[in-house]
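Just below is one structure, and these are the notes that go with it.
Here, each number is a calculation from the coordinates, and none is a lab measurement. Keep in mind that what you see is a predicted model, and the values were worked out from it rather than measured. Ideal geometry is used to build each Cβ from the backbone, glycine not excepted, and the neighbour counts take in all protein chains shown.
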Amino acid sequence: MTTFPYEIHATDGAARTGVLKTSRGDIRTPAFMPVGTAATVKALYMDQVRETGADIILGNTYHLMLRPGAERVKRLGGLHKFSTWKGPMLTDSGGFQVWSLSKLRKMTEEGVKFRSHIDGSEHNLTPERSIEIQADLLGADISMQLDECTPFGCSEAEARTSMELSIRWGQRSKAAFGTRDSQALFGIVQGSVFENLRRESAERLIETGYDGYAIGGLAVGEGFEKMCDVLDFTTPHLPSERPRYLMGVGKPIDLVEAVARGVDMFDCVLPTRSGRHGQAWSDHGPINIKRAEFAEDDSPLNPEIDCPASRDYSKAYLHHLFRSGEYLSAMLLSWHNIAYFQHLTARMRAAIAAGEFEAFRREFRGKWEQGQA
Ligand SMILES: CC1(C)O[C@H]2[C@@H](O1)[C@@]1(COC(C)(C)O1)O[C@@H]2CNc1nc2cc3nc(N)[nH]c(=O)c3cc2[nH]1
């Protein structure tokens, strides 16, 4: 298994900053990966995504295998050529999306049979098929093992059964992945909210050996405090020399607190999804631009961010676009939100490099809590 070199340039407490070097470019960590579910970061051109500072974007096996079809993407040159994204891409393996999107599904040791939420067609996703789709057909730089995202609120016994299935599916994912020159495979830690299961999952993933380690089974309704608790007793068991990726997270405060606990990579639909509905993010939390208070506010969203959407448009204009149902509304707010998340990770990287992360974290929490008041 060829691992992507991961250089840690500085640490500050449990926080780290560094570079994950891939054949399609470097990923500066802590890194936020914009979600590009259907081969697009919704409402943005890929050039804009790049200019926000994003080094890597995420794609989804589930969505692309259903539409346009993984073999079709391959025939069209793979996901990078198809989407025109030239940097590294990470793809999720599909299990989580089956659970969150597909109604009719049947789980077995072999894999998961499900019906498409688009046209009801029947599909069968196994660890082997997931790796074939991610690494061979889409051409992801980083593939994720197929796992089962253990639902929040299950019993310890249920969490163990689920975690052990993910361990076995990880081993089959790795066997199917084999040894590749310029692609990586990440394992996914499960174990729900149980410390012993999380530790055992981490230890058994390390025995299998992966290029990076994701923390799954979070951002599934457990809440902020419980997520932080799970990170407290999970990240210390992960290899310090490999990247740690917290899947599906999250709000700005989640990123800051997870970086403080040693997480390096993140992805979340929040910036683009909430942007389409009028939410603009900042260190103080979200504002909803449709509110009447912004109707004549001619200040920009955030002049400190080097992004036209954050700097060159007034809140009043954005308010007008949303009130008028103009397409440009979703485009500008998604663009600003992605730029804000990249601005946040850039500030965290700088703070860790300067040995000032705790001061950054304290100042951020002050602004965040003030904004929530
Ligand atoms: C279903 C949908 C679109 O995905 C987002 C978003 O809604 C929503 C709903 O509420 C919020 C929390 C805001 O985020 O939850 C999703 C983000 N949380 C999340 N994504 C994950 C992806 C995962 N992938 C794998 N392979 N394994 C996992 O264990 C896993 C866990 C995850 N947790």
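Filtered by the rule that a residue be polar (S, T, N, Q) and touching a residue at least 24 places away in the same chain (Cβ under 8 Å), region 186-222 gives Gln190, Ser192, Ser201, Thr208. With respect to being more than 11 Å from the ligand (Cβ to nearest atom), more than 25 Å from Gly221 (Cβ to Cβ), in contact (Cβ under 8 Å) with a residue 12 or more places away in the chain and surrounded by fewer than 20 Cβ atoms within 10 Å (Cβ to Cβ), His123 fits the description. Restricting attention to region 138-163, the residues that are free of Cβ contacts under 8 Å to residues at least 24 places away in the same chain and within 12 Å of the ligand (Cβ to nearest atom) total 0. Of all strands (runs of 3 or more DSSP E) completely enclosed by region 217-331, which ones contain at least 2 residues that are surrounded by fewer than 19 Cβ atoms within 10 Å (Cβ to Cβ)? Here the list reads 285-288. Selection of region 70-100 for residues being among the aliphatic types (A, V, I, L, M) and either surrounded by fewer than 17 Cβ atoms within 10 Å (Cβ to Cβ) or away from the ligand (no atom under 16 Å from the Cβ) (or both) yields Ala70, Val73, Leu76, Leu79. Any residue in region 164-179 that is surrounded by fewer than 17 Cβ atoms within 10 Å (Cβ to Cβ), away from the ligand (no atom under 16 Å from the Cβ) and within 23 Å of Ser240 (Cα to Cα)? Checked region 164-179: at least one residue is surrounded by fewer than 17 Cβ atoms within 10 Å (Cβ to Cβ), away from the ligand (no atom under 16 Å from the Cβ) and within 23 Å of Ser240 (Cα to Cα). Does Ala359 fit the bill of being within 22 Å of the chain's Cα centre (by Cα), part of a helix (DSSP H, G or I) and more than 22 Å from Thr40 (Cβ to Cβ)? Judged against the criteria, Ala359 is not a match.
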